[in-house]
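The values are calculated or read from the model by the stated rules, or taken from the named source; none is laboratory data. If you're wondering where the values come from, they're calculated on a predicted model, not measured in any experiment. Positions of Cβ are generated from backbone atoms using ideal geometry, with glycine treated the same way; all protein chains shown enter the neighbour counts. Areas reflect the complete protein model, heavy atoms only, side chains present, ligands, DNA and RNA absent. Shrake-Rupley method; radii C 1.70, N 1.55, O 1.52, S 1.80 Å.
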Amino acid sequence: MVFTKIIAFSIFQALLSTLVAVILGFASAYYVAKKKSLFADILVSFSAVPLCVPPLLVALGYVLFFGNNGSFNRFLMAVFNLQEAPFSILYSFSGIIIAHGFYNFPIIMKAVADVWQRLPEEEEWAASLLGASRFRLFKTISFAHLRSPLASAASIVFLYCFFSFIIVLLFGPIGLTTLEVEVYRASRLSLDFSKAAFFALVETLIALTIVYFYSSFEKSGLRSQGTSAVLREKTKMGLSSRFFSIVLFGLISIFFLFPLFSIPVKAVFTKAAFKTVFFHKSFLPALGASLQSASISALLATSFAFVYALCIRIKDPLKKNRFFRFFPFIPMAISSVVLGFIITNLLFALRLQANLFILSLCQAFLFWPFAFRQIQFSLDAIPQAIDEAALMLSPSLLYRVYKIYLPLLKTGIISALSFSFAMSLGDASLPLLLAIPNIQTLSLFTYRLAGSYRFAEACASGSIILVLSVFIFYIGERQKKNLKREKKVRMR
Amino acid sequence: MKSFYKIITLSIFSLVIALGVFTSCNKSSKKQLVKDERQKKILVYAYDSFTSDWGPGPALKEAFEKQSDYELELISVGDAGEVLSKALLEKKSPRADVLIGLDNHNAQEAENHGILAIYEPKGSEGIARAIRFSNFLKSKTEWLITPYDWGYFALIYDTESHLPAPNSLEELSQEIYKKKLILMDPRTSTPGLGFVSWTYAVFGEEGYEAFWKALKPSILTMAPGWDSGYGLFTAGEAPLVISYSTSPAYHLEYEDTSRYQALIFDEGHVMQVEGAALVSGAPNPDGGRAFLDFLISKEAQEIIPLTQWMYPVNEEVVLPASFAIAPKAEKNLVVASEIALEASKRLMEILAD
């Protein structure tokens, strides 16, 4: 494949996938933020799924549901008495787009819904009184506020799809290649490091350009003029809204939840898969190591994100400096193959033997952009007037941080902790790269099961990661609701 | 503004101190280890599935340490490609004594880069000539790499499918096999590269491209790795997959089923021979040699079949009963690794068009 074609394909598939994720994510965010919907509330708990379930299991999930021998095709074959699988979209370009788009939409949904829930209603009331139509209200007020989180989350999804490896090769047309495949081939197979470095450089530059574009959106995003303490009441769904929600959530169930649930179902219906995992001598130590490293990296990532977000708030309140917003996303522009190369060389140069703390440190470095994003959006919701009042009335910076920012950013901090914890929990590449003697995490345990013929057991182990991540998000959301309730009571 | 710089300075300062303390602790302990303990320790770089709970690594370590005074440290460095890649990066100042993860497809690269030292291990005379690495290297050097297991690339067939089993590679391009074959990408997977070598050996320089053009409609997907490809196969996506002739032994041993069968074709099969080698300039060459001696001993080789799902190189080893389902090919085919890599590169360009 010609080099320009490789680049064009890598960008094209990532753009289309992001577009699907944006449409689904934005529409779901509307229901999560504005409507009373149990389904939407449940969906929020799945926000970290794209970040914590290993791509190999995601691909297997789609295959188990939509594949030639998948549940969906077997159901159609039984109902219509067919000999061949009638539904075959998986092994095609549309298969890549569907898997990427549906798998990643919760990232966008969560980012947009978090801001949408906190948008000040006063601006809309004023515009409404002045005769603005509903579309105009949405365009000039809601969307103007939502543009920044939308662009930010879309950049993340784009990068995820751009670096995607397993889904693209598994579902894509035969012979297809991406930049990531070429980097892998040059660095691991033909050992042509200069070629690998060239491909990696091109790949990283493209990713950085995308991130830079995001920062321009960020710059033009509006700062909230309202107050984060007043949270919008969710309204009941009307007839048309109910109809669209059925269509939307039906699609999400078919193309996201059912393939995802196929992973634990496969494990449940395979004799003793869960039992084998639970009673394996490495399971409990792996679970312990995962919880340890995820807790440390979540704390580190969130603390660093908090300090950085606060610094740029103080240093650049009007968001004039684009680099400040661009900087946190740099780790995301580095692919896993390139990262492996950097870490291996760094540890070698420092003569360091990897351990659980180094693993947590590396994960915190990689995942802090996610934590930063969550905290930044909460910070943006604080009116500038509060900053100014705090500056005048507080005796010291520490007092301001402790008494003003920490309480106001609680919900953002909870989201940041949940995201970085879930990401660390699901990360198999760093534990694999660092190869800590005698220590494996649950995700590495899962990866190793799949590499030794034990696919059902890998599904069982992957399901445990999935449940842990959903549980963490559920706890986080409940905590946030409690905080909202407290605020309301205080306001009354 | 002052407060901003205070926070920045404080954060950087704390981070540097934390890193500094951490690094110095590790560095000093490392230095101590290098000085006093290094000669008692053997450091082996291996691929991940070798060192995992289900691989031979843990049992080999236990058995080796029981019979020697050395401490064996098996370091997983990712996949087999990364073993060679890492050794190459450390060429000027090697840390590992032995590399595991070399095979007949990357052996030439390892020799070209001069990172290995020749060593003929004790008991090597018992290793069959057909699986010695002299067959795969241009220089014909016999003991640059020591083989420790081997197997044939073969198509695994699901006997519960309604499809007849093919009898040759040629038959795979028939209409009835449309979208029925799962392969692996030769750019990212050893079985993928092995299949390209196999077709090259059977159809030759003139015929293999035409064969692949005819085969393309039969391929359901080219998975990025063996795990994803074989996972699709066991999920029932297609009745044929490229793997090893020994794969059915796993299903018989642990799932008590002979549903999956390896197909042996008259035209012959390409082998994968896996090998270990002493690193040139290794910090503990004596330890490395002792481990290579052990690796081909009967005791170590008995661990191989049920962990690697490959044949041991030591012919004294009695194979487990489940290996009765793993047939051996009557004809061995050999393709030089450089030719295989070049052929796969050209092939992917053809398939992409």
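Taken across segment A:270-289, residues that are of a type in the set (S, T, Y) and surrounded by fewer than 17 Cβ atoms within 10 Å (Cβ to Cβ) do not occur at all. Here B:S76 does not fit the description of being hydroxyl-bearing (S, T, Y), at the interface with another protein chain (Cβ under 7 Å from one of its Cβ atoms), under 21 Å from B:L144 (Cβ atoms) and out of contact with any Cys (no Cβ under 7 Å at 6 or more places or on another chain).
Of all residue pairs spaced 6 or more apart or on separate chains, those with beta-carbon atoms under 6 Å, a first member in segment B:39-54 that is acidic (D, E) and a second member that is buried (at least 23 other Cβ atoms within 10 Å of the Cβ) are B:D48/B:S76. The set of residues in segment A:264-276 that are within 30 Å of A:I98 (Cβ to Cβ), away from chain B (no Cβ under 11 Å) and assigned to a helix (DSSP H, G or I) comprises A:P264, A:V265, A:A267, A:V268, A:A273, A:F274.
Output yes when any residue across segment B:247-259 is under 19 Å from A:Y91 (Cα atoms) and of a type outside the set (D, E), and no when none is. No, because not a single residue in segment B:247-259 is under 19 Å from A:Y91 (Cα atoms) and of a type outside the set (D, E). All of B:S134, B:S139 fail the test of being under 23 Å from B:E342 (Cβ atoms) and open to solvent by 40 Å² or more (accessible area, probe 1.4 Å), apart from B:S139. Of everything in segment B:299-342 that is free of Cβ contacts under 8 Å to residues at least 24 places away in the same chain and among the acidic types (D, E), the residue that is surrounded by the fewest Cβ atoms within 10 Å (Cβ to Cβ) is B:E342.
Considering segment B:343-353, and only residues there that are closer than 24 Å to B:Q108 by Cβ and open to solvent by 50 Å² or more (accessible area, probe 1.4 Å), the residue that is farthest from the other protein chains (Cβ to nearest Cβ) turns out to be B:R346. Looking only at segment B:158-172, residues that are assigned to a loop (DSSP other than H, G, I, E, B), within 14 Å of chain A (Cβ to nearest Cβ) and not polar (S, T, N, Q) come to 3 in all.
Just one residue in the set A:S164, A:S94, A:S148, A:S155 is of a type in the set (S, T, N, Q) and open to solvent by 40 Å² or more (accessible area, probe 1.4 Å); that residue is A:S94. Of the set (1) farther than 27 Å from B:N332 by Cα; (2) open to solvent by 40 Å² or more (accessible area, probe 1.4 Å); (3) without any contact (Cβ under 8 Å) to a residue 24 or more places away in the chain, all apply to B:S280 but (3). All conditions but one from (1) more than 20 Å from A:F261 (Cβ to Cβ); (2) open to solvent by less than 10 Å² (accessible area, probe 1.4 Å) apply to A:G67; the one that does not is (1).
Those residues that are more than 10 Å from chain A (Cβ to nearest Cβ) and either of a type in the set (K, R) or assigned to a helix (DSSP H, G or I) (or both), I need them from segment B:219-248; list them, please. Result: B:P248, single match. Residues that are touching a Phe, Trp or Tyr at 6+ places or on another chain (Cβ under 9 Å) and more than 14 Å from every other protein chain (Cβ to nearest Cβ) were ranked within segment B:173-200; the one that is surrounded by the fewest Cβ atoms within 10 Å (Cβ to Cβ) is B:T199.
Scanning segment B:53-78 for residues that are among the charged types (D, E, K, R), open to solvent by 40 Å² or more (accessible area, probe 1.4 Å) and either at pLDDT below 90 or within 16 Å of A:I436 (Cα to Cα) (or both) gives a single hit, B:D53.
Being open to solvent by 30 Å² or more (accessible area, probe 1.4 Å), within 22 Å of the chain's Cα centre (by Cα) and farther than 19 Å from B:W54 by Cα is a property that B:I242 lacks. Within segment A:72-80, at least one residue is part of a helix (DSSP H, G or I) and at the interface with chain B (Cβ under 10 Å from one of its Cβ atoms). Candidates in segment A:178-190 are the residues that are buried (at least 20 other Cβ atoms within 10 Å of the Cβ) and facing chain B (nearest Cβ under 7 Å); of these, the one that is nearest to B:A107 (Cα to Cα) is A:L189. Being open to solvent by less than 50 Å² (accessible area, probe 1.4 Å) and within 14 Å of chain B (Cβ to nearest Cβ): is that true of A:V202 here? For A:V202, the condition - open to solvent by less than 50 Å² (accessible area, probe 1.4 Å) and within 14 Å of chain B (Cβ to nearest Cβ) - is not met. Of the residues making up segment A:98-131, those that are open to solvent by 30 Å² or more (accessible area, probe 1.4 Å) and more than 30 Å from A:C52 (Cβ to Cβ) number 9. Answer yes if at least one residue in segment B:259-271 is under 30 Å from A:V63 (Cα atoms), open to solvent by 10 Å² or more (accessible area, probe 1.4 Å) and either among the charged types (D, E, K, R) or free of Cβ contacts under 8 Å to residues at least 24 places away in the same chain (or both), and no otherwise. There is at least one residue in segment B:259-271 that is under 30 Å from A:V63 (Cα atoms), open to solvent by 10 Å² or more (accessible area, probe 1.4 Å) and either among the charged types (D, E, K, R) or free of Cβ contacts under 8 Å to residues at least 24 places away in the same chain (or both).
Just one of the listed residues (B:E338, B:E299) is under 18 Å from the mean Cα position of the chain (by Cα) and outside any loop (DSSP other than H, G, I, E, B), namely B:E338. Quick one: would you say B:A210 is away from every other protein chain (no Cβ under 14 Å) and surrounded by fewer than 20 Cβ atoms within 10 Å (Cβ to Cβ)? Yes, satisfied.
What about A:A364, is it within 13 Å of chain B (Cβ to nearest Cβ), free of Cβ contacts under 8 Å to residues at least 40 places away in the same chain and part of a helix (DSSP H, G or I)?
no
Segment A:277-350 holds helices (runs of 4 or more DSSP H) entirely within its bounds, and those carrying 3 or more residues that are modelled with pLDDT of 85 or more, on the phi < 0 side of the Ramachandran plot and among the hydroxyl-bearing types (S, T, Y) map to A:283-315.
Would you mind finding the one in B:K138, B:K92 that is farther than 20 Å from B:M310 by Cβ, in a loop (DSSP other than H, G, I, E, B) and without any contact (Cβ under 8 Å) to a residue 60 or more places away in the chain? Unique residue meeting the criteria: B:K92.
Here is a yes/no grid of residues against (1) charged (D, E, K, R); (2) in contact with a Cys (Cβ under 6 Å, 6 or more places away or on another chain); (3) within 25 Å of A:A207 (Cα to Cα):
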{"residue": "A:F274", "(1), (2), (3)": "no, no, no"}
{"residue": "A:L291", "(1), (2), (3)": "no, no, no"}
{"residue": "A:T302", "(1), (2), (3)": "no, no, yes"}
{"residue": "A:A305", "(1), (2), (3)": "no, no, yes"}
{"residue": "A:I314", "(1), (2), (3)": "no, no, no"}
{"residue": "A:K320", "(1), (2), (3)": "yes, no, yes"}
{"residue": "A:F323", "(1), (2), (3)": "no, no, yes"}
{"residue": "A:V338", "(1), (2), (3)": "no, no, yes"}
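Does A:S429 fit the bill of being within 12 Å of chain B (Cβ to nearest Cβ), among the small types (G, A, S) and either over 25 Å from A:V337 (Cβ atoms) or open to solvent by 20 Å² or more (accessible area, probe 1.4 Å) (or both)? Considered against the rule, which asks whether it is within 12 Å of chain B (Cβ to nearest Cβ), among the small types (G, A, S) and either over 25 Å from A:V337 (Cβ atoms) or open to solvent by 20 Å² or more (accessible area, probe 1.4 Å) (or both), A:S429 comes out as yes. Of the residues examined, A:I11 is one that is under 22 Å from the mean Cα position of the chain (by Cα) and surrounded by fewer than 20 Cβ atoms within 10 Å (Cβ to Cβ).
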